[in-house]
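> Before we start, here is the structure in question, set down as structure tokens.
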Amino acid sequence: MGLAYLRPHVGADSARWTTLPGRRVVLAIARTFTSTVRLLEALSVCRGDQRIQVVFSFDDTSAFNAGTESLLLENGVCLLPWETAASIPADLIVTASENVDLSGFSAPVVLLPHGVGFQKFVPDSLGRGRRLSGVVRAEFVDAPNVRTVVSHPAQRDQLRSVHPSLADRAEVVGDPVHDRIRAGARLRADYRRRLGISDGHRLVTVTSTWGDQGLLGKRPLLPARLLAELPHDRYRVAAVLHPNIWFAHSPWQVRHWLADALDAGLLLIPPERGWEAALIASDCVIGDHGSVTLYGAAADRPVLLGAFGMESVPGTAIERLATTALLLDDAAPLLEQVEAAIGEYRPGRYAAVAQSAFSHVGEAGRRLALLFYGLLGIPAPEGSGRVRAAEPAEPGRAEVTAFEVHTRLSGTRTVSVERFPAAVRAPEPVPEGTVRHLSACESEQDDALVHSASVLYRAEPLPSANAARAWAEAALDRHPGCVLACTGVPGGGLVAVRGGRIIEVRAVGDSADRERPDPCLQAALVYAVLADRRDTSGDYTLRVGGRTWTCSLLPDR
């Protein structure tokens, strides 16, 4: 590992190979994926400074070491073998992992947090008991060169109650992540656009810490259940999972577990970036006792607690959140709870919680830069540590291609439609007056869904009515259980009914939405009219989510 960079930085002749002499050397020690992400973010306070050379080394002894080396290499860092780390002539050592073995290092050490304070008891990797997450290993508690960074004076007080010597060397700088989230608030519309969230949709973000007490450990089916119960034309669902979930089990396994939810449109935020932007883009956060839930509350988002582990530390900000946030009732309908959480929320509800977790708001980057440069013995550049907005989230997302469709036709010739992804929808009774059918796109990969569908539609329009008729008739021939086939054509859509009828649909949207309804929705309109034995000609109003269209059904041909 890292042999390519060894000779220019380690050994008696290393100075011969440098381009910029007289640099201060910062040794950045990585250990887990989570802490490495925080480490890379923190080092950005020195960006652009040619007086500093940052070299990395990787202590791979953690149970969560998977993915860490790849992350470092993807970032193109100077990566040196761990066995050579103590021989690097470092002026400053920076790490975001409290479990790093600091034996043999005499330079100043800055221990960064990789969450919000000391809020969780976790298994001790060196024994069979538990330890307070974020606190340096016992043998280094009294080391005079170790400084612990905290985001609030209350965390220093908490540290003093456990290890007074660590508290004496603790540095209160604020929280750069909280600052990035605040700075990104102005970019909310852009973050939502990149996630594919339209103005008519609400985004619910599910977040889980790692371990069996976290939300995913307690309610592994919650993402799928949300997608099954929240109407697709009004809601989107994202998931932010702690990197330790990803790298204890593997990214493949996480996606494998969430396969049905992903087919149903789940926005799975990658572990390395984008979760802050997802929080900003959210309309509601469903979480647990992990730091991401607290960041969501501090971002002034409605919060529902779906789990809260006994591993949470009493007296911390996250425990205060637990006394303020609404609790998710697993036995009650999710749609009602989410809508109540959003509708009844009053801005500033969690202000006191945020104030107990984050100090020096907006100044964390600058204060961290001053700490680094002070230990390096050189002046900090003017403007170092400026706040940068959170990076956008751009997860891969699948288009939903099969729906359970609910329609209601009123006496005023208005058809209301709700769609739920078929990949996660379980059979259950529908309200009286609601007609249900299964609608599948011809590109749907689940063969059983296609063969069970009453409606088959084509996502891409065809260039002419003749081409559309030919496609629809062939689709009905291939699928004997299908009663309608629909595709777009210039100016509208064409619906073929088993038995030979052809119905053309022309739609005009309201002032807020000039896009025509997609073929699935056009077919839903016709299905509702046929099911109610109404006239298949004339004008109908189509309502889907917050959108409304006037649709003309042309006489059968």
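Taken together, the values in this text are just the output of simple stated rules run on the coordinates, not laboratory data. From a predicted model like this one, the values you see are computed outputs, not experimental measurements. No Cβ is skipped: glycine too gets one built from the backbone with ideal geometry, and neighbour counts run over all protein chains shown.
> Grab the other residues whose beta carbon is less than 14 angstrom from that of Leu20, score K and R as +1, D and E as -1, and report the net. Walk me through the numbers on the way to the answer.
Details: positive: Arg16, Arg23, Arg24, Arg51; negative: Asp49.
Residues near Leu20 contribute +3 overall.
> Calculate the FRET efficiency for Trp252 and Ser552 from the Cβ-Cβ distance with a Förster distance of 51 Å, rounded to the nearest 0.05.
On the way: r = 49 Å, r/R0 = 0.96.
Here the calculated transfer efficiency is 0.55.
> In vacuo Debye scattering of the stretch 303-430, one point per C-alpha: log10 I(q)/I(0) at q = 0.10, 0.17 Å⁻¹?
After summing over all Cα pairs, the log10 values are -0.68, -1.15.
> Relative to the longest principal Cα axis of the chain, at what angle does helix 519-531 sit, 0 to 90 degrees, rounded to 10?
Taking Cα atoms only, the helix is inclined about 40 degrees.
> If you don't mind, there's one more thing I want to ask. Which number comes out as Rg/Rh for the stretch 276-319 once both Rg and the Kirkwood Rh are worked out on C-alpha atoms? Before the final figure, lay out each step's value.
Working: Rg = 10.4 Å, Rh = 10.7 Å.
Here Rg/Rh amounts to 0.97.
> Across the chain, where is the longest run that never hits GluC sites (Glu not before Pro) in a DSSP loop with at most 16 other C-beta atoms within 10 Å? Show your work: numbers first, answer last.
Details: sites that count: Glu344, Glu363, Glu382, Glu399, Glu432, Glu515.
That gives 1-343 as the longest site-free run.
> Then there's this: Using only the Cα atoms, work out Rg/Rh for the stretch 402-553, with Rh taken as the Kirkwood radius, to two decimals.
On the way: Rg = 14.3 Å, Rh = 15.3 Å.
My calculation of the ratio gives 0.93.
> Another question, if that's okay. How far apart, in nm, are the 7 Å Cα→Cβ label points at Ala448 and Glu339?
3.1 nm
> Further question: Once you have the Cα-Cα distance between Ala531 and Gln50, take 0.36 nm times their residue separation minus that, and quote the gain in nm to one decimal.
Gain in length upon complete extension: 165.9 nm.
> For the pair Ala467 and Glu394, what calculated FRET efficiency results from E = 1/(1 + (r/R0)^6), where r is the Cβ-Cβ distance and R0 = 41 Å, to the nearest 0.05?
0.70
> Ok, one more. Peptides 201-208, 247-254: what's the order by average Cβ count within 10 Å, highest mean first?
Final packing ranking: 201-208, 247-254.
> Lys and Arg at +1, Asp and Glu at -1: add these up for the other residues within a Cβ distance under 12 Å of Arg31 and post the number.
Working: positive: Arg38, Arg137; negative: Asp59, Asp60, Glu69, Glu98, Asp101.
Counting the neighbours of Arg31, the net charge comes to -3.
> OK, next. For Ala332 and Val361 in one chain, what is 0.36 nm times their gap in residues minus the Cα-Cα distance, to one decimal in nm?
Values: separation 29, 0.36 × 29 = 10.44 nm, distance 3.81 nm.
Going from the current span to full extension adds 6.6 nm.
> Could I ask something else about it? Helix 33-42 against the longest principal axis of the chain: what's the angle in degrees, Cα atoms only, rounded to the nearest 10?
Orientation of helix 33-42: about 70 degrees from the principal axis.
> With Kirkwood's inverse mean 1/r over C-alpha pairs for Rh, give me the Rg to Rh ratio of the stretch 154-275, two decimals please.
On the way: Rg = 18.2 Å, Rh = 16.9 Å.
On the Cα set of the stretch 154-275, Rg over Rh gives 1.08.
> Kindly state, to the nearest 0.05, the FRET efficiency for Tyr5 paired with Ala259, given R0 = 41 Å and r defined as their beta-carbon distance. Mind showing how you got there, number by number?
On the way: r = 39 Å, r/R0 = 0.96.
The formula returns an efficiency of 0.55 here.
> I'd like the Kirkwood hydrodynamic radius of the stretch 497-556, using the inverse of the mean 1/r over distinct C-alpha pairs, in Å. Walk me through the numbers on the way to the answer.
Values: mean 1/r = 0.0846 Å⁻¹.
Computed over the stretch 497-556, the radius equals 11.8 Å.
> Continuing with the same structure: Given N residues in the chain, what is its alpha carbon radius of gyration divided by 2.2 N^0.38 Å?
Details: Rg = 28.1 Å, N = 557, 2.2 N^0.38 = 24.3 Å.
The reported ratio for this selection is 1.16.
> Where both partners of a DSSP beta bridge lie in the chain, what percent of those bridges are antiparallel, to the nearest 5?
45 percent
> I've got another one for you. So what is the 222 nm mean residue ellipticity for the chain from helices alone, if each DSSP H run of at least 4 adds -39500 (n - 2.57) and you divide by all residues, rounding to the nearest 500 deg cm²/dmol?
Values: 20 runs with 162 residues, N = 557.
Helix-only estimate at 222 nm: -8000 deg cm²/dmol.
> Using a cut-off of 14 Å between beta-carbons, work out the net charge of the residues near Ala86 (Lys and Arg +1, Asp and Glu -1, Ala86 not included).
Taking every other residue near Ala86 into account, the sum is -3.
> In the stretch 186-353, if every C-alpha pair distance is counted and binned at 10 Å from zero, what percent goes to each bin?
Distribution as computed: 10, 42, 38, 9, 0 percent.
> Quick one: helix 334-343 against the long Cα principal axis of the chain, what's the angle to the nearest 10°, folded into 0 to 90?
70 degrees
> On a full-extension model of 0.36 nm per residue, what is the gain between Leu73 and Ser165, subtracting their alpha-carbon distance, rounded to one decimal in nm? Walk me through the intermediate numbers first.
On the way: separation 92, 0.36 × 92 = 33.12 nm, distance 3.63 nm.
Once the chain is fully extended between Leu73 and Ser165, it gains 29.5 nm.
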